[in-house]
1. As an exercise, use a Förster radius of 25 Å and the Cβ-Cβ distance of Arg74 and Val24 to find the FRET efficiency, rounded to the nearest 0.05.
2. Apply the Karplus curve 6.51 cos²θ - 1.76 cosθ + 1.60, θ = phi - 60°, to the phi angles in the stretch 69-74 and return the couplings in whole Hz, x for Gly and Pro.
3. Given the Cα atoms of the stretch 35-77, and with Rh set as the inverse mean 1/r over their pairs in the Kirkwood sense, what is Rg to Rh to two decimals?
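Please treat every number below as a calculation from the coordinates, not as lab data. Small disclaimer: the values here were computed from a predicted structure and weren't measured. Note that we place each Cβ from the backbone using ideal geometry, even for glycine, and neighbour counts take in every protein chain shown.
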Amino acid sequence: MSERLTPARPVEGRLTDGAFVVAVLAFILLTPPIIAIFDVPVFVFGIPLLHIYSFGVWLAAIVTGGVLSTRIARRGLPPGPGQPMDREPDGT
């Protein structure tokens with residue numbers, strides 16, 4: 001029996017998949033059932049745990065999205081749907 005090896009996915013595909021996963025994960029982590037877990041009367045340096053969790057998830061999503069978008073832009077991938085294409089130097 002010979003096993004067929006599938007070629008590794010290109011880096012570009014993994015980067016765009018990663019961007020999708022970050023968006024979905026941020027959405028899930030900021031839904032009310034998950035946020036309710038952190039809605040307890042606990043304070044860290046005088047700041048409620050709920051606020052630290054919410055802003056921590058938000059900040060992590062923004063930073064991760066920024067890193068991924070920079071890597072995608074460096075690879076020269078075309079913009080996704082709803083993103084403007086770069087214009088030619090003559091303005092067309």
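1. Working: r = 23 Å, r/R0 = 0.94.
Working from the Cβ atoms, E equals 0.60.
2. 5, 5, 5, 5, 5, 5
3. Details: Rg = 15.4 Å, Rh = 12.1 Å.
Ratio of gyration radius to Kirkwood radius for the stretch 35-77: 1.27.
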